[in-house]
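Read-outs: derived from the displayed coordinates by stated rules, not from any lab. Since we're looking at a predicted model, the values are computed, not measured. So basically every Cβ, Gly included, is an ideal-geometry build from the backbone, and we count neighbours across all protein chains shown.
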Amino acid sequence: MGAAAALPTVGAEFARAVARLAAAGVSEPRADAEVLLAHALGTNRAGVVAASRDLLPAPEAATFEVLLARRVAREPVQYIVGEREFWSLPLAVDPRVLIPRSETELLVETVLRVGGGRRRIVDVGTGSGAIALALARECPEAEVWATEVDPGALAVARANLARHAPRVGLVCGDLLAPLRRVSIDVVASNPPYVAERDHAGLLPEVRDHEPARALLGGADGLAVLRRLVAGAPEVLVPGGWLIAEMGAGQADAVRSAVVRDGRYEHVRTVEDHAGIERVLVARRGRERRESR
């Protein structure tokens with residue numbers, strides 16, 4: 001009786017966790033505490049609320065303490081539980097890949113709106129496989145490919161695609177290099193676009209835990225985007241689309257690179273919910289012209 005009475009309730013442990021996370025500077029302490037406690041209990045967030053008056057067994061309490069300590073150290077909650085939802089699908093994630101963001105769903109929405117009826121789509125630098133699997137699920141008639149240069153990320157993408165979209169063709173290589181002999185209708189990409197000078201100022205969850213190679217795009221953040229703009233017309237069919245995510249404040253520079261290339265038309269951007277120009281949309285011209 002005495003040992004049982006000494007056990008804390010689920011609700012009490014939850015309140016303690018929220019306070020610890022808030023003190024550590026975590027931006028959403030209640031949500032993260034619920035996710036971690038649910039993971040320790042083998043339930044969902046609603047189950048945590050329902051069990052608030054129940055005693056928290058010692059094994060689950062010990063597991064929760066380990067998870068909580070990792071989050072207090074600002075490790076992303078998605079890496080801790082090993083999963084992130086994207087396009088209403090659970091994806092496995094770990095430090096080998098970026099955590100898919102809600103902004104990237106705008107990229108998927110743009111592809112579906114602009115080029116969803118196209119027959120061959122490639123997700124360049126797929127990372128976790130998020131974009132490719134979302135497009136494959138929404139475009140069952142399309143042939144979807146994904147490229148990835150990093151072996152670790154390739155392994156994560158392979159597992160996620162096998163689970164959710166096994167028909168996606170996954171190939172190892174830099175940007176579009178593996179598909180140089182293939183005609184593509186839509187090139188979609190969320191490339192690295194953080195400027196190297198900005199890396200130190202990122203949140204600890206991003207700076208200290210997410211892979212820098214998937215974040216950093218050179219001195220001004222645009223090195224990979226410029227390569228993508230230059231290389232996409234070599235594989236795009238006439239009238240095919242390049243649709244790429246970019247960072248806040250980069251739209252003017254990206255537009256300039258596209259215009260200077262001279263092989264695109266109907267260039268525009270799509271704003272996210274915060275009014276930030278987030279996605280580049282450019283169509284390859286009907287006539288082949290030499291790049292400048």
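How far is helix 58-72 tilted off the main Cα axis of the chain, in degrees rounded to 10, range 0 to 90?
Helix 58-72 sits at roughly 40 degrees to that axis.
Tell me, what HN-Hα J-couplings in whole Hz come from the Karplus equation 6.51 cos²θ - 1.76 cosθ + 1.60 at θ = phi - 60° for each residue of the stretch 195-204, using x for Gly and Pro?
Values per residue, Gly and Pro as x: 5, 4, 5, 8, 4, 5, x, 6, 4, x Hz.
List the residues whose amide H sits under 5 Å from the amide H of E143, counting only those 5 or more places along or on another chain, with H placed 1.01 Å from N in the peptide plane.
For E143, whose amide H was placed from the backbone, the distant partners under 5 Å are R120, I121.
Residue-wise, which Karplus ³J(HN,Hα) couplings in Hz belong to the stretch 161-170, taking 6.51 cos²θ - 1.76 cosθ + 1.60, θ = phi - 60°, and x for glycine or proline?
Listing the rounded values in order: 5, 4, 6, 10, 8, x, 7, 5, x, 9 Hz.
For the pair L203/V259, report the inter-label distance in nm, with labels modelled 7 Å from Cα in the Cβ direction.
3.5
For a protection proxy built on the mean count of beta-carbon atoms within 10 angstrom, sort 239-248, 43-52, 60-69 highest first, please.
Going by the mean number of other Cβ atoms within 10 Å, highest first, we get 239-248, 60-69, 43-52.
Relative to the first principal axis of the alpha-carbon coordinates of the chain, what is the inclination of helix 251-261, with its axis defined by its Cα atoms, in degrees from 0 to 90 and to the nearest 10?
Result, in degrees: 30.
Where nothing but the Cβ of Lys and Arg (+1) and of Asp and Glu (-1) is charged, how large is the charge dipole of the chain around its Cα centre, in debye to the nearest 20?
840
Helix 10-23 sits at what angle to the longest principal axis of the chain, using alpha carbons and giving 0 to 90 degrees rounded to 10?
For helix 10-23, the angle is close to 50 degrees.
Does the stretch 83-284 classify as rounded, prolate or oblate by the C-alpha gyration tensor (a ≥ b ≥ c root eigenvalues; a/c under 1.5 gives rounded; else a/b over b/c gives prolate, otherwise oblate)?
Rounded shape, in that the Cα axes give a/c under 1.5.
Please list, in order, the residues from the stretch 212-248 whose amide nitrogen is less than 12 Å from a point placed 7 Å along the Cα→Cβ vector of V149.
Those under the cut-off are 213-218, 223-228.
Counting DSSP beta bridges in the chain, what percent are antiparallel, to the nearest 5?
45
Per DSSP helix of 4 or more residues, -39500 (n - 2.57); summed, then divided by the residues of the chain. What does that give at 222 nm, rounded to the nearest 500?
It comes out at -12000 deg cm²/dmol, rounded to the nearest 500.
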